[in-house]
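All remarks here apply to the structure that follows.
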Amino acid sequence: MKANVFFLGVSVILFTLLLPSCNQKGNYTYFQNSGEIFHTSYHIKYAYERSLESEILAELERFELSLNPFRENTIITKINNNIPVKPDSLFMEVFNKAMEVSRMSEGKFDITASPLINAWGFGFKNMDSITPEIIDSLKEFVGYDKIRIDSEGNVIKSDPRVQLNTSAISKGYSCDLVARLLDSYGIKNYMVEIGGEIVAKGVNDKGVCWRIWLDKPVDDSTGMQHELQTILSLCDKSLATSGNYRNYYLKNGKKYAHTIDPQTGYPSEQNILGATVIADDCMTADAYATAFMASGLEKSKEIAQKIPGLHYYFIYVKPDSTLDVAYSKGFEQFFAK
């Protein structure tokens, strides 16, 4: 399950087609490491002379010590608790990218939005108890412009109540960190998947680009039914997906994804139910997949055109309540032949 800052009730609509890991490419065996981390699953497959599982887990632990807001004594927890701390390079890289995406999306992506999301509850379960007064009080300390890093590396908040949660971008970043680790060992062929976010390099153990399965929208709140929407072919790219057409909410007979608009503080009434983004790095793909959910189809297309190398595949609701797809020019190159 992918957890991200703006999207509630997330159901991963992306599955990797993992092949047996006993095959070899040249002199290397394809190793596969998998397990649970960040309350989600991971699958990492790579061609090398030995397993790097311990090194991979150490890198993920390094990530956790910086960016896990639910763990004591991490850098982000200290920042949220207003404990003086110098951000490390991991935090800085994520923070800077988050601010960039917030500016590009005109505030539809915002890592300070957790108080609003928590107020509504998972799947908007607190909807009946939310009042305009509650939203207005929370918006006083929500906004990406209310926190910055000064030239000396100090965290500056305009309001001490500002809280950060980078889960809408950091899953992708954790994939990038593992990919960099594999690169440092000279590994040419690998696939890193954490919570549905993916970095793919080279080829799989069949000698072709990595195959990624996208689910077709079906009305299934259990998440147990899976029908093929399309299969993507990924080489030397990163991919992230946001959306939930399995657990939408209805308003006036129309479907909406469980997305909070960080600017209004209310559920977003946009027409995108699922956004798949392909980019050069997974952190970028992850952040924009989230931003597009709150931006709507036309605005998302406009934003995407400004980002070099960014590709999208949207599943959206038309005015007649039927579903359709839209994808960026050149996205055809990623459809598996």
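Just so it is clear, none of the values below were taken in a lab; they were calculated from the coordinates. Just so we're clear, the structure is a prediction, and the values are computed from it rather than from any experiment. FYI the Cβ positions are ideal-geometry reconstructions off the backbone, even for glycines, and counts take in every protein chain you see.
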* Asked: Any idea how far apart residue 306 and residue 336 come out in nm if each label point goes 7 Å out from Cα toward Cβ?
  -> 3.5 nm
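Going by how many other Cβ atoms sit within 10 Å of their own, how do 239, 52 line up, fewest first?
On the way: 239 30, 52 21.
The most exposed by this proxy come first: 52, 239.
Give me 120, 210 sorted ascending by neighbouring Cβ count inside 10 Å, so fewest comes first.
In order of increasing Cβ crowding within 10 Å: 120, 210.
Taking neighbour counts of Cβ atoms within 10 Å as a proxy for exposure, in what order, fewest first, do 261, 320 appear?
On the way: 261 20, 320 7.
In increasing order of surrounding Cβ atoms, one gets 320, 261.
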* To do: May I ask which residue of 296, 314, 336 lies farthest towards the positive end of the charge dipole of the stretch 285-337, with charges of +1 (Lys, Arg) and -1 (Asp, Glu) on Cβ and the Cα centre as origin?
  => 336
* Quick one: if the Förster radius is 35 Å, what FRET efficiency do residue 231 and residue 88 give, using the C-beta to C-beta distance and rounding to 0.05? -> 0.35
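How much length is gained on full extension from residue 36 to residue 70, taking 0.36 nm per residue of separation minus their Cα-Cα distance?
Using 0.36 nm per residue and subtracting the Cα-Cα distance, I get 10.6 nm.
Provide the gained length on full extension for the span residue 264 to residue 125, in nm with one decimal, where the gain is 0.36 nm per separating residue minus the Cα-Cα distance.
Values: separation 139, 0.36 × 139 = 50.04 nm, distance 1.84 nm.
Taking residue 264 through residue 125 to full extension adds about 48.2 nm, to one decimal.
Normalized C-alpha radius of gyration of the stretch 58-157, against 2.2 N^0.38 Å? Let's see the in-between values first.
On the way: Rg = 15.1 Å, N = 100, 2.2 N^0.38 = 12.7 Å.
Taking the Cα Rg and dividing by 2.2 N^0.38 Å, one obtains 1.19.
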* Which value, in debye to the nearest 20, gives the size of the charge dipole of the stretch 58-157 about its Cα centre, when Lys and Arg are +1 and Asp and Glu are -1 at the Cβ? -> 20 debye
* Structure fact -> Per the rule of 0.36 nm per residue minus the C-alpha distance, extending residue 188 to residue 213 adds in nm 6.8 nm
